[in-house]
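Here's the structure we're looking at; comments come further down.
None of the figures in this text is laboratory data; all of them are computed from the coordinates on show. In this text the structure is predicted, and so the values were computed from the model without any measurement. As a convention, Cβ positions derive from the backbone with ideal geometry for all residues, glycine included, and neighbour counts pool all protein chains shown.
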Amino acid sequence: MLEEIAIENLGVIRSARVPVGAGLTVITGETGAGKTMVLTGLGLLMGGKADPATVRPGASSAVVEGRVRVTDRPSVAQRVDDAGGQVDDDGTVVILRTVAAEGRSRAHLGGRSVPQGVLAEIADDLVTVHGQSDQLRLRTASRQRAALDAFAGPAHSELLAQYRDAWTERTALQAEIDDIEARAGERAREAELLRLGLAEVERVAPRPGEDAELTALVARLGNVEELRVAAQLAHDAVAGDEAAEPQENAVVSVDRARRALESVAGTDPELARLAERLAEVGYVLADVATEISGYVEDLAADPAGLETAHARLAELGTLTRSYGETVDDVLAWASDAGLRLLDLDDGGERLAAATARRDDLDAELDRLGTAITASRERAAAELASAVTDELRGLAMGGASLVVDVERADEPGPWGADVVTFSLVAHPGAPARPLGKGASGGELSRVMLAIEVALATAAVDGTGQVLPTFVFDEVDAGVGGKAAVEVGRRLASLARRAQVVVVTHLAQVAAFADVQLVVTKSSDAGSEDGPDDADATAAVTVTGVREVTGDERVRELARMLSGQEDSDAARRHAVELLESSVVGR
């Protein structure tokens with residue numbers, strides 16, 4: 001709900017605060033006083049296009065600030081949070097729009113600077129405006145269809161939800177089917193390459209780490225003589241035949257040292273400890289000598305084994321060149337390739353399953369679409385009757401609304417129907433699409449009738465929260481009893497939603513819960529005093545004030561006769577106020 005609007009330097013308004021009531025708020029005033037500037041300010045708050053020409057002459061910028069209660073609109077509160085703004089503790093959020101006389105406009109939501117488009121996003125949930133230039137909120141077929149669906153009630157909404165879910169799943173399945181079919185050749189080629197690769201790996205049958213083992217074997221077999229000489233020299237140095245060598249080996253030398261220390265170990269404990277360590281060294285040297293001796297005995301030239309190892313390495317090389325740097329990498333590739341091949345080979349089964357599910361969904365969509373069409377046709381007749389009844393009291397007694405539901409060329413996520421609102425201006429006249437062949441005032445009244453019917457159905461059927469409705473000159477071209485009926489219907493709509501109306505008819509204003517008057521005056525001179533060269537210039541100043549009690553009677557009298565002090569006009573004004581209370 002819109003709580004208030006503060007305007008500075010917008011058009012003829014230098015500074016004004018516009019409080020908006022919870023029910024029906026009417027804005028009245030002399031022609032040219034600046035009533036439309038209030039709606040212009042509201043349009044800016046709702047993300048409308050900024051025009052620097054609307055900035056008050058002499059001001060650097062215009063500022064419009066609005067406070068909106070969003071406690072009953074969680075989607076709007078969430079969008080404020082998403083934009084980085086903040087909802088105040090009292091459940092309201094401040095919207096600010098600044099229009100520079102030279103330069104760009106700026107928008108703020110909940111204390112955070114946001115793009116203009118963010119305000120436009122939340123506008124549909126907050127305000128619906130019907131003015132002389134934009135009263136056709138239902139101009140498009142999609143909006144007309146959405147309005148009829150809202151009127152049809154919760155059972156219809158459930159059908160639509162089921163249809164949309166099925167449509168979403170069907171769309172995803174079709175995309176999967178298209179992908180499988182489009183990539184069938186590519187998948188077949190990939191599968192064939194994988195099969196060839198896996199067959200080659202299977203033929204070679206590498207073992208984990210085999211390439212490293214063969215590389216070591218080739219190095220060994222290719223250097224047998226050098227290895228034998230080195231090993232023999234090491235063996236002789238450690239434990240060679242002392243009789244055959246002029247120099248005793250390490251085992252003998254260590255043993256002699258040990259015995260020397262043991263002979264005096266009883267004299268010095270430190271020497272006894274060292275003798276024990278020499279004994280340990282002797283054991284280790286003996287073990288090493290035995291291993292070296294065994295190595296020398298096993299080491300033999302094997303030309304055939306060397307050739308076999310080279311051949312095996314070459315065979316493994318054909319795999320590592322194609323599928324990995326090492327045999328372990330090749331084996332890892334083979335594991336992944338096997339899984340991928342299973343997935344590729346499963347394409348035919350996936351295609352069959354997806355196609356079968358799509359066919360089931362097509363049948364489901366056809367069933368739901370038929371039910372939705374029947375529901376829309378019933379709702380169309382009811383909506384047309386309700387709006388036509390409303391039009392009879394709005395000086396359009398011969399007019400009627402026609403709501404057509406026709407089969408669409410192609411179904412969509414909304415169903416398989418095209419919904420068209422048409423207006424029959426008088427009996428015998430052809431039905432013409434809404435918005436063609438009617439004056440602005442007639443269109444506003446048609447929209448009022450539709451909104452009353454939709455709001456009644458929405459609140460009575462679902463209890464949903466409606467947006468703020470704004471009507472500009474909805475009473476254009478009517479008077480007398482018809483004007484009273486316009487006021488009564490606006491008051492009826494205001495029992496279900498917040499309504500703001502710009503009017504020049506006292507019969508409409510009398511039904512208001514809050515009446516605001518826009519007044520115009522002229523300031524001659526400037527702050528520099530009468531000696532200023534421009535002091536004779538007259539500057540128009542507009543203000544907005546709420547009127548109650550006798551002030552409201554005077555305003556209604558002015559609207560009735562142009563003479564707020566006329567006793568007859570004042571009596572008529574009082575009578576209007578009294579009758580509006582009875583007629584609500």
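Structural remarks
- If the chain linking THR140 and THR168 were pulled fully straight, counting 0.36 nm for each residue of separation and taking away their Cα-Cα distance, it would gain 7.7 nm.
- Placing unit charges on the Cβ atoms of the charged side chains and taking the dipole of region 70-158 about its Cα centre, the candidate lying farthest along the positive direction among GLN86, THR140, VAL127 is THR140.
- Here the simple spin-label model places points 7 Å from the Cα toward Cβ, and for ARG378 and GLU276 these points are separated by 10.4 nm.
- In this rough spin-label picture, where each label sits 7 Å from Cα along the Cβ direction, the ARG203-GLU546 distance is 9.3 nm.
- Paramagnetic reach from GLU213 (point 7 Å along Cα→Cβ, amide N under 16 Å) across region 306-337: 306, 308-317, 327-329, 331
- Extension gain, ALA188 back to LYS436 (0.36 nm per residue minus Cα-Cα distance, nm): 83.4 nm
- Taking every C-alpha pair closer than 8 Å and separated by at least 6 residues, the mean separation divided by the residue count of region 315-438 gives a relative contact order of 14 percent.
- Amide H contacts under 5 Å for GLN86, placed H, 5+ residues apart: GLY110, GLY111, ARG112
- Extension gain for LYS49 to VAL418 (0.36 nm times residue separation, less C-alpha to C-alpha distance): 129.7 nm.
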